[in-house]
Amino acid sequence: MQANALPANPLALQDIHVPELITNYPIAYGWWILAALILLAFVLIIVKFKKTAKRNQVKKQALTQLKNNIDISNSELISLLKWAAMHYFSRVELAKLYGESLQHFLVKQLPGKHQIKFTELSDDAFKSQYQASFHSEVDTSFQQATLLWLNQALPPKTLKQAKQSEGVST
């Protein structure tokens with residue numbers, strides 16, 4: 001052994017070693033799950049929006065036709081109501097309805113608070129439907145009734161909500 005050699009000191013300072021940089025990748029599983037849930041929610045919202053838009057498409061077409069034709073006749077208004085209703089309700093049931101039976105069906109589809117007003121506004125039109133002057137007659141009260149029905153009855157409630165509202169109103 002050499003006389004000048006220093007004994008190895010275990011407490012002697014050595015160079016500091018910096019650890020490797022910590023990266024953000026791979027991302028923890030929780031973040032992947034959160035991203036998947038956000039993406040799923042986004043897709044569901046888009047699907048719901050498209051479904052609602054498709055469901056309201058016929059209603060919007062009927063309202064546009066009503067607003068664009070100021071001097072629309074009563075027979076055209078009844079045809080418009082029946083056309084719009086056939087897209088949402090049973091064609092078999094609606095095809096055989098006319099006159100007061102059609103009016104009664106349309107009234108049943110409205111919420112309770114609008115039924116009386118629709119009946120008052122449309123009563124004359126449905127009663128005079130088969131008179132000669134009816135086809136060329138322009139009735140603003142029946143136009144208001146048609147607008148009311150299109151806005152309030154379409155699209156119809158789901159079966160569960162409809163049964164609940166029938167139970168409450170009866």
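The values are calculated or read from the model by the stated rules, or taken from the named source; none is laboratory data. Predicted, not measured: the structure shown is a model, and the values here were computed from it. No Cβ is skipped: glycine too gets one built from the backbone with ideal geometry, and neighbour counts run over all protein chains shown. Remember, those area values only see protein heavy atoms, side chains included, never the ligands or the DNA or RNA. Shrake-Rupley method; radii C 1.70, N 1.55, O 1.52, S 1.80 Å.
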**OP:** Considering only protein heavy atoms, with the full assembly of protein chains and a 1.4 angstrom probe, order LEU121, LEU154 by accessible area, largest first.
**Re:** LEU121, LEU154
Original post:
Which of the peptides 140-148, 44-52, 104-112 is most tightly packed, and how do the rest follow, judged by the mean count of other Cβ atoms within 10 Å per residue?
Top reply: 140-148, 104-112, 44-52
Original post:
Across region 61-68, in residue order, what do the Karplus-derived ³J(HN,Hα) couplings come to in whole Hz, using 6.51 cos²θ - 1.76 cosθ + 1.60 with θ = phi - 60° and x for Gly and Pro?
Top reply: 5, 5, 5, 5, 5, 5, 6, 7
Subject >> Length added when fully stretched, ASP15-ASP123, from 0.36 nm per residue minus Cα-Cα >> reply: 29.0 nm
**OP:** Using a 1.4 Å probe over the heavy atoms of the protein chains, calculate the carbon and sulfur portion of the accessible area of region 20-63 as a whole percent.
**Re:** 74 percent
**OP:** Mind pulling the per residue volume of the convex hull built on the Cα atoms of region 79-130? Å³ is fine.
**Re:** 73 Å³
